[in-house]
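To start, the structure itself, in structure tokens.
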């Protein structure tokens, strides 16, 4: 791995200038390295972070077919990594014009990393530096504890997808404490909503009554307001006092919970394991936002490399080369999804929406088709809207907000399905739906979404760790449960239970007519079978797994 | 309906299904269908898309070097009370479409709590698309092969495929032997000489040659000098007084040596009838890959293989690729395969020169349901074979504990008569890898 030469670096600096002029914001310093295949061989298992800790699984071919992208919250083959300074990797024989295109792509990625709020927790430190010190720490431990370090890494990694990424973000961007009275907060935030469970109308009435009291007398208004409350709800006073005594339960993810509460880890001789678990947790947190902004990130980079390249005066004469490469990257496939293509079109669409003022409620209220089609307020707010979207959304919100029928129609998108044609013995790919709703659902369904596994605190009281999988219409991969729970049991030091939902298998199916060369019977039978779900509880005790139906 | 007539009726239904189903056994065309179909958004990455830098995989060779360490680690895991993590015998396809290579590497999987989406059938799934077409309009077709072929579950194929297979099979065999403690073969029949030669510097030659044999030369010089009377006191030899004749120099020269290694000939028989569709074929073939590898290791690469496929008729195919990838279709006559093996052995007089192994994989269906044609052929085969191993991958939906083949072989009493020669292993078609290896142990153990 070596740095790019001065000539290429100068091109990069020129790109930075132009990108900054166009409104992208990123730190000035960046590092660009040339990589050979040999370097990549070493880098890819380490997710392109040269200083990541060593772990034996990195050296083995890992089977990934099953849940490949669910398993790893990161893409191991990025060109640019989110460090300070940002590091990017290049093939050593790229022509200059191509480097210009890639530089713009990379700069847009860096802009995204450094401005999108889902990356907030990675802004204040350099991950490579941190990783290096962690790597040394783990190497040191390994020399003392041997293979047990690897077991701890393994077990920590087995739950690293359950990390509380959003809680972590929430901690960083918590609203400032209000100076209002806590009684007021309790009344409106909890009492009315969770204790009384009043209807919305009633809730709003209460707010209005409070405002009226305040208007009447700014000082004594609150007192007057609560006098009424005490009369109406005699139990309020005692409930409020009780609420003051109980501390609000902080939401911890499984790894944090184990780190804090596991008797096993907190024993003197096992304390060394805790920093190892923390390293794994930090690493996964670092990668979380990348997979949750894949469409946006690639779309944003593609949008900008196109915009900026075409305006770059240095590469005149390479328009055709560029167009070819660019089309290869961002052409919409006939079937299948390409995040570059989709994301770029979404940003183009958003820019248009902003320029014509179509993202406003005024436009949304329009029902007349002709008016909708010819709506243009010439607001010119496209650029502004783009940057706002880049700052505040992730893939879910992005797709959910901007994939509408106009978008689907404009780019002639559809949901493709596959069905068997038994006569010809082929799968037919057909246009299943052109409705935005279906297209959106299809996109959302494909997004990274790890299962939500929470700790049942009341049941966890007696030493057992009780985990509850929140049912979202999908079961867990069953083969993986045993070994994952085994790892959790090791770190927890006591039995672990997991409550989850599984499909009730209808009794042995009547011998399906198996026709060679087709699976017709199987899928048909499956279609007919109604999905029935049941809650089951797995218990891992002394490294033995048992299962009971609840 | 009585039980037997019910059985007969099921039998007939099965036969009819296989007959009517048609189909053919061609090796599927590896041509890629609609390229991006089913590729999800996370499969794209900058290195590939922008710079055409392919994500690298360590070569199988490099992986094998650290395999000992890995296996040690795996054994240690077991001692520490954790389940083993390394699996082998997986065949992966690195590289781009159409240029896949068959490699066998140790693999592992990192288990986590994940959502399982496979409970939904293919037809319920949705994919992205763009372009023209009315709702409901068919815009493309894909061959069904991916779902029914073992090819999809493992080996891909491209240039150099079969060769690659060979060199890695040895390593896989070693891993299987060491990791799963598969038994080593007893040295049998090293006496049979083969028409193969290895070359070694074994012959002596006076005057000139490739390598000076110092000890022999010295002895020769001593002899010459004794004859010349140049050594007055044998108890006190002074080499500096030696007279050395050119002929005294003894050299070694390259010479052909007969090889006495024992050699194995393995017949792999696969039922590729219509009923073998799906998992049972995958199971049978992956087990055969492993057995093959184990034998390659045991016989230090001196293994010859013959591949035979059968439905109602048996045919020999030239290589493992065809053996592995041929599509299932047609009916089932187990005896046809056994007959063919017997014919080949007789015709080529193979029993004299080889240790012969026969491995047969089937789902246990046979139109010849009481084995009247099959058993005599099997008996004949047992007269010369070192081991006949039959694997039955029973369909998961099949009721009753035993399949036809299993039934008639057990009834014949051959398993008890010749326990050293005939082995049978029946498993469900959804068996996992450890079960598969357990099966191999049953088939090959002494």
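The values are calculated or read from the model by the stated rules, or taken from the named source; none is laboratory data. Since we're looking at a predicted model, the values are computed, not measured. Counting neighbours? That spans all protein chains shown, and the Cβs are built from the backbone with ideal geometry, glycine included.
Starting from residues that are exposed (fewer than 12 other Cβ atoms within 10 Å of the Cβ) and free of Cβ contacts under 8 Å to residues at least 24 places away in the same chain, keep the ones in the stretch A:236-259 and report whichever is farthest from residue A:488 (Cα to Cα).
Filtering the stretch A:236-259 for residues exposed (fewer than 12 other Cβ atoms within 10 Å of the Cβ) gives A:238, A:241-242, A:244-250.
Adding the requirement that they be free of Cβ contacts under 8 Å to residues at least 24 places away in the same chain leaves A:238, A:241-242, A:245-248, A:250.
Numbers: A:238: 40, A:241: 38, A:242: 35, A:245: 32, A:246: 29, A:247: 27, A:248: 26, A:250: 21 Å.
Among those that are exposed (fewer than 12 other Cβ atoms within 10 Å of the Cβ) and free of Cβ contacts under 8 Å to residues at least 24 places away in the same chain, it is A:238.
Which of the numbered conditions does residue B:380 fail, given that it passes all the others? Conditions: (1) without any contact (Cβ under 8 Å) to a residue 60 or more places away in the chain; (2) assigned to a helix (DSSP H, G or I); (3) surrounded by 18 or more Cβ atoms within 10 Å (Cβ to Cβ).
(3)
When you check residue A:377 against the structure, is it under 21 Å from residue A:102 (Cβ atoms) and either in a loop (DSSP other than H, G, I, E, B) or more than 14 Å from chain B (Cβ to nearest Cβ) (or both), yes or no? Step through it out loud before you land on a result.
Details: under 21 Å from residue A:102 (Cβ atoms): no; either in a loop (DSSP other than H, G, I, E, B) or more than 14 Å from chain B (Cβ to nearest Cβ) (or both): yes.
It is false that residue A:377 is under 21 Å from residue A:102 (Cβ atoms) and either in a loop (DSSP other than H, G, I, E, B) or more than 14 Å from chain B (Cβ to nearest Cβ) (or both).
All but one of (1) closer than 20 Å to residue B:342 by Cα; (2) modelled with pLDDT of 75 or more; (3) more than 14 Å from chain A (Cβ to nearest Cβ); (4) buried (at least 23 other Cβ atoms within 10 Å of the Cβ) hold for residue B:316; state the number of the condition that does not hold.
(4) is the only condition that residue B:316 fails.
Mind checking whether some residue in the stretch A:354-368 is within 14 Å of chain B (Cβ to nearest Cβ) and not in a helix (DSSP H, G or I)? Reasoning before the result, please.
Of the stretch A:354-368, the ones within 14 Å of chain B (Cβ to nearest Cβ) are none.
For the stretch A:354-368, residues within 14 Å of chain B (Cβ to nearest Cβ) and not in a helix (DSSP H, G or I): absent.
Would you confirm whether or not the stretch A:518-530 contains a residue that is loosely packed, with under 14 Cβ neighbours inside 10 Å, touching a helix residue (DSSP H, G or I) at 6+ places or on another chain (Cβ under 9 Å) and either at pLDDT 90 or above or part of a helix (DSSP H, G or I) (or both)?
yes
Here's the yes/no breakdown for (1) in a loop (DSSP other than H, G, I, E, B); (2) within 14 Å of chain A (Cβ to nearest Cβ); (3) over 25 Å from the mean Cα position of the chain (by Cα):
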residue	(1), (2), (3)
B:359	no, no, no
B:372	yes, no, yes
B:375	no, no, yes
B:392	no, no, no
B:408	no, no, yes
B:426	no, no, no
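Tell me whether the stretch B:338-350 contains one or more residues that are part of a loop (DSSP other than H, G, I, E, B) and in contact with a helix residue (DSSP H, G or I) (Cβ under 7 Å, 6 or more places away or on another chain).
No; the residues of the stretch B:338-350 include none that is part of a loop (DSSP other than H, G, I, E, B) and in contact with a helix residue (DSSP H, G or I) (Cβ under 7 Å, 6 or more places away or on another chain).
Out of all the residues in the stretch A:416-436, which are buried (at least 16 other Cβ atoms within 10 Å of the Cβ), in a loop (DSSP other than H, G, I, E, B) and modelled with pLDDT of 85 or more?
Listed by number, the list holds a single entry, A:434.
With the requirement that a residue be at the interface with another protein chain (Cβ under 8 Å from one of its Cβ atoms) and within 15 Å of residue B:131 (Cα to Cα), what does the stretch A:418-438 give you? Show your work before the answer.
Quick first cut of the stretch A:418-438, residues at the interface with another protein chain (Cβ under 8 Å from one of its Cβ atoms) only: A:418-421, A:424-434, A:438.
A:429, A:430, A:431, A:432, A:433, A:434 - these are the residues of the stretch A:418-438 that are at the interface with another protein chain (Cβ under 8 Å from one of its Cβ atoms) and within 15 Å of residue B:131 (Cα to Cα).
Here's the yes/no breakdown for (1) surrounded by 14 or more Cβ atoms within 10 Å (Cβ to Cβ); (2) more than 7 Å from every other protein chain (Cβ to nearest Cβ); (3) within 21 Å of the chain's Cα centre (by Cα):
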| position | (1), (2), (3) |
| --- | --- |
| A:440 | yes, yes, yes |
| A:444 | yes, yes, yes |
| A:447 | yes, yes, yes |
| A:456 | yes, yes, no |
| A:460 | yes, yes, no |
| A:464 | yes, yes, no |
| A:471 | yes, yes, yes |
| A:477 | yes, no, yes |
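Does the stretch B:429-439 contain at least one residue that is without any contact (Cβ under 8 Å) to a residue 40 or more places away in the chain and surrounded by 19 or more Cβ atoms within 10 Å (Cβ to Cβ)?
No, the conditions are met nowhere in the stretch B:429-439.
When you check residue A:415 against the structure, is it within 8 Å of chain B (Cβ to nearest Cβ) and in contact with a helix residue (DSSP H, G or I) (Cβ under 6 Å, 6 or more places away or on another chain), yes or no? It would help to see each step written out before you state the result.
On the way: within 8 Å of chain B (Cβ to nearest Cβ): yes; in contact with a helix residue (DSSP H, G or I) (Cβ under 6 Å, 6 or more places away or on another chain): yes.
Taking the combined requirement at face value, the residue satisfies it.
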